[in-house]
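What follows is a single structure, written as structure tokens, with notes after it.
The values are calculated or read from the model by the stated rules, or taken from the named source; none is laboratory data. All values derive from a computational prediction rather than experimental measurement. Methodologically, a virtual Cβ is constructed for each residue, glycine included, from the backbone with ideal geometry; neighbour enumeration extends over all protein chains shown. Just so you know, the surface numbers come from the protein's heavy atoms only, side chains and all, with ligands and any DNA or RNA stripped out. Shrake-Rupley method; radii C 1.70, N 1.55, O 1.52, S 1.80 Å.
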Amino acid sequence: MDASLDEIARRAGVASGTLYRHFPTRLDLIEAVLAEQIAELAGLGRGLLTAEDEFDALSTWLRAALMHALTYRGLSAAVMNSALDRGNGLVSTWHAELFEVGAALLARARQSGVVAADADEADVLKMVGAMAWAAQDTPDSTAQADRLLALLMNGLRHRSVRR
């Protein structure tokens, strides 16, 4: 987040002018990076809607969403704050797209009976965000996030007899 655009251009192996021509501001660059990553995450989810194992499809996508949140946490916050200041709906559009995909995967898993019937889309997706926040400053954030996700998935799994 703190690197200058000139430093980013140098590391990318392009001239500063080229970078500035395509991304006049740091925010333009960050939005482009996030837009690409969010499109990939949404595409993954849409592809998983036809997977044979509904529980595994949901778990795979939730893990990808969790890793995205861990990887891009600083960038996402910067875009959210700036987008709110500028009044653009970019963040809302991204949120809606990811919510739609996550909700469809959860609904499919619920309908097939592999997750609890009372599993709520908003609650599950909020838990994924909370897990990313909780794991972000741990020494091995990926391992911590995976442990938390395993707990969530165990809780979601439908059981014919609850104790």
Discussion item. Can you find a residue that is open to solvent by less than 40 Å² (accessible area, probe 1.4 Å) and in contact (Cβ under 8 Å) with a residue 12 or more places away in the chain anywhere in region 6-18?
Written reply: no
Item to complete: Given the conditions (1) among the β-branched types (Val, Ile, Thr); (2) in a loop (DSSP other than H, G, I, E, B); (3) surrounded by 12 or more Cβ atoms within 10 Å (Cβ to Cβ), report the number of the one that Thr50 does not fulfil.
Response: (3)
Worksheet item: How many residues are touching a helix residue (DSSP H, G or I) at 6+ places or on another chain (Cβ under 8 Å) and either open to solvent by 60 Å² or more (accessible area, probe 1.4 Å) or among the polar types (S, T, N, Q) (or both) when one looks only at region 29-47?
Response: 3
